[in-house]
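Just so you know, all these numbers are worked out from the coordinates, no wet-lab data involved. All figures in this text were calculated on a predicted structure; none of them were measured in a lab. Every residue, glycine as well, gets a Cβ built from its backbone with ideal geometry; the counts of neighbours run over all protein chains shown.
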Amino acid sequence: MMRTIRRRPLNPTSLRQRGISLLFALMALVVIGFAAVALTRSVDTGTLIMGNLSFKNDTLVASSAGAEQAITWLQNNISSTVLDADQTASGYYASSRDLLDPTGGKTSATDKRPLINWDGACQGAAAGTYVNCDVLPFTGTAVNGNKIQWVITRLCDTTGVPGGSNLCIRPATATTSTTSERGELTSGGRISSAVASPFYRIIVRVEGPRNTVSYTETMLHF
């Protein structure tokens, strides 16, 4: 016995509904794709920032070692007349250079300042925006792959022997004692006054990976 199978005619309304569902599915996929890309870029940016902070901290730690190198140089020359004159090969200047702009961020065409020639190109400053660029740094021993440079200035009006017309910034008071404890006088012991050295300003520049640069400044006297 043969049966006749009749197919129902397709309902146009259901076809339209299926098409709309596909459209919404495609839109959802596009939105999810954009969200995934945004999340990936956000993670990459966060990783980059953390890496930059790590490099910055590393240069700051290295700057301490750079300051110690500069202090060692001063200690080795404090008892001689070397510090009464500029020693440009060692990054030392016997006068204060008050308006010196170590970072190059303050000088401008309307407020010109002297620059330190850290990079051999006056830090990229445009001509006419600085007074001069003749202060040369000394390159010390690298620390953890970071480039160490420093400049030392003596806080005196001019070069030459301190005193007289060459005024220098010094500590308010300075005394030395030969006794074992202050206030205690022993046989042969005495308290005598002493003149402290002028203050010295040490500017350290550290250059690390990804063009990371740190500047630190140290003031000391002997």
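Quick check: residue separation of ASN211 and ASN76 times 0.36 nm, minus the Cα distance between them. What number comes out in nm?
Once the chain is fully extended between ASN211 and ASN76, it gains 45.3 nm.
Going by average Cβ neighbours within 10 Å, how do the peptides 209-215, 28-34 rank, with the highest at the top?
209-215, 28-34
By per-residue mean of other Cβ atoms within 10 Å, what is the highest-first order of 60-71, 155-166?
Averaged packing, sorted descending, gives the order 60-71, 155-166.
For a quick check: with amide H placed at 1.01 Å from N, whose amide H comes under 5 Å from TYR93's, ignoring anything fewer than 5 positions away on the same chain?
Placed amide hydrogens put GLN87, ILE152, THR153, ARG154 under 5 Å from TYR93.
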